[in-house]
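Read through the structure below, which is laid out as structure tokens, and then see the notes.
The values are calculated or read from the model by the stated rules, or taken from the named source; none is laboratory data. Keep in mind it's a predicted model, so treat the numbers as computed, not measured. Using ideal geometry, Cβ is built from the backbone for each residue, glycine included, and neighbour counts are taken over all protein chains shown.
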Amino acid sequence: MTAFWTTPDFDEHERVELVHDCASGLTAIVAIHSSHLGPGAGGTRFWHYPDPAMAMRDALRLSRGMSYKNAMAGLPMGGGKAVILANAARDKTPAMMAAFGDAIEALRGAYVTAEDVGMSEADMAAIAARTSYVTGLPAAGAGGKGGDPGPHTSRGVFLGVKEAVRVGLGKDSLAGVHVAVQGTGSVGGGLARHLAAEGARLTLADVDEARAAKLAAELGGVAVPADAIMDTECDVFSPCALGAILDDEGIERLRAPVVAGGANNQLARAEHGDILAGRGVLYAPDYVINAGGIIAVTHEYLARRDGTVLDIGKTHAAVDAIRGRLARIWETARAEGSAPSRVADAMAQRLIGRG
Ligand code: NAD
């Protein structure tokens with residue numbers, strides 16, 4: 001058996017905690033990749049993994065992604081991620097959320113959690129009853145301040161798509177630009193609304209076909225089956241659902257000169273960034289374009305921690321900066337003749353003291 005700390009996914013994590021609470025049935029992993037810039041910060045994913053090794057792999061990959069994302073966004077936070085191994089619909093209980101809050105408290109601030117797949121604002125509030133090392137709280141959502149990270153992520157991705165269209169297609173307007181959006185949930189749905197408002201032509205898909213169809217009808221777009229979206233001939237393919245969709249097969253199927261979307265870990269392996277670049281596809285590194293949500297919840301967390309008033313204008317300005325950051329990555333990639341994903345990785349590694 002291969003020890004997981006010798007696998008590439010481990011990538012010199014500083015700390016990996018296994019948590020089990022007999023009374024509530026909680027089983028969780030908390031992975032902290034780097035605390036070079038601050039406490040490990042990243043959401044908690046509640047997922048029914050078919051096997052624990054997959055949960056470990058997910059925690060490690062997502063945690064490293066958070067190190068890179070927080071560093072590139074200029075946040076004073078390191079990278080961390082938690083996964084709870086259970087079925088959210090069947091197993092989630094108040095006792096389990098309380099036990100998870102206690103486990104985070106026991107880390108004494110080494111890890112700050114937030115919402116991810118399978119978790120809600122209400123769960124964040126339940127965790128906050130046991131620890132202060134949590135953000136994305138419903139109370140902070142009043143007046144549009146903090147709370148749900150999704151709208152901030154959508155807005156950042158939208159700005160990234162605009163910049164990709166400018167750099168990749170030479171167009172300053174989205175009018176008539178055809179964008180295929182995979183996943184019409186919080187991020188993809190919000191993105192589609194922004195795009196429609198600027199006249200983009202939309203093709204939408206979701207495994208929940210009714211969801212995609214309803215949004216397409218509302219926005220004047222077209223809905224296609226989930227397994228057809230990657231074959232759509234379009235200007236921009238925007239992955240806003242699953243990770244690892246840009247693998248050998250996925251790239252082969254792509255019919256778009258630009259890939260810019262909100263999903264985490266879009267490249268199955270680092271080499272797939274090179275393959276995209278080799279084919280002349282402009283790729284927006286996922287952890288750069290989708291940082292809007294973590295920017296917003298981190299600003300919320302820091303304001304609460306420091307007892308200051310959250311300045312939503314500053315949060316918006318920090319999300320706006322995603323656009324210029326992508327432009328610089330693409331410019332460097334062009335000058336160096338390397339893939340944007342490699343350029344972003346190298347920048348992030350330097351920022352966390354590992355370059
Ligand atoms: P969500 O659960 O609100 O929406 C995801 C949608 O994708 C759902 O409607 C789901 O039915 C659909 N979906 C799942 N598998 C699919 C498939 N194979 N094809 C088409 N659709 C599929 O989640 P979200 O918050 O919108 O997050 C979407 C992605 O963005 C995830 O990868 C997440 O990790 C990433 N992300 C989210 C945020 C945020 O602020 N919410 C921040 C950064 C990154």
I'd like to know if the range 238-252 contains one or more residues that are in contact with a Pro (Cβ under 7 Å, 6 or more places away or on another chain), of a type outside the set (S, T, N, Q) and within 15 Å of the ligand (Cβ to nearest atom).
yes
Among the residues of the range 210-225, write down those that are within 15 Å of the ligand (Cβ to nearest atom), assigned to a loop (DSSP other than H, G, I, E, B) and surrounded by fewer than 21 Cβ atoms within 10 Å (Cβ to Cβ).
224, 225
Within the range 48-64, track down each residue that is touching a residue at least 24 places away in the same chain (Cβ under 8 Å) and hydrophobic (A, V, I, L, M, F, W, C).
53, 55, 56, 59, 60, 62
Check every one of the helices (runs of 4 or more DSSP H) wholly within the range 275-340 and list those with 1 or more residues that are within 24 Å of residue 245 (Cβ to Cβ) and acidic (Asp, Glu).
286-289
For the range 8-25, which residues satisfy the criterion of being modelled with pLDDT of 95 or more and part of a helix (DSSP H, G or I)?
none
Under 9 Å between Cβ atoms, which residue pairs at least 6 apart in sequence (or on different chains) link something in the range 92-109 that is touching a residue at least 60 places away in the same chain (Cβ under 8 Å) with a partner that is surrounded by fewer than 22 Cβ atoms within 10 Å (Cβ to Cβ) and in a helix (DSSP H, G or I)?
98/126; 100/126
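Looking only at residues in the range 160-209 that are of a type in the set (Asp, Glu) and either within 14 Å of the ligand (Cβ to nearest atom) or closer than 19 Å to residue 254 by Cβ (or both), which one is nearest to the chain's Cα centre (by Cα)? Give the steps one after another, and end with the answer.
Just the residues of the range 160-209 that are of a type in the set (Asp, Glu), to begin with: 163, 172, 198, 206, 208-209.
Retained after the next criterion (residues that are either within 14 Å of the ligand (Cβ to nearest atom) or closer than 19 Å to residue 254 by Cβ (or both)): 206, 208-209.
On the way: 206: 18, 208: 20, 209: 23 Å.
Going through the qualifying residues, I end up with 206.
For the range 76-116, name all the residues that are assigned to a helix (DSSP H, G or I) and touching a Ser or Thr at 6+ places or on another chain (Cβ under 6 Å).
Of all residues in the range 76-116, those assigned to a helix (DSSP H, G or I) come to 88-91, 94-106.
Across the range 76-116, the qualifying residues are 95, 96, 99, 101, 104, 105.
Have a look at 153, 113 and point out the one that is polar (S, T, N, Q), within 12 Å of the ligand (Cβ to nearest atom) and within 20 Å of the chain's Cα centre (by Cα). Break it down into steps so the answer makes sense when it comes.
Values: 113 fails: within 12 Å of the ligand (Cβ to nearest atom).
Residue meeting the stated conditions: 153.
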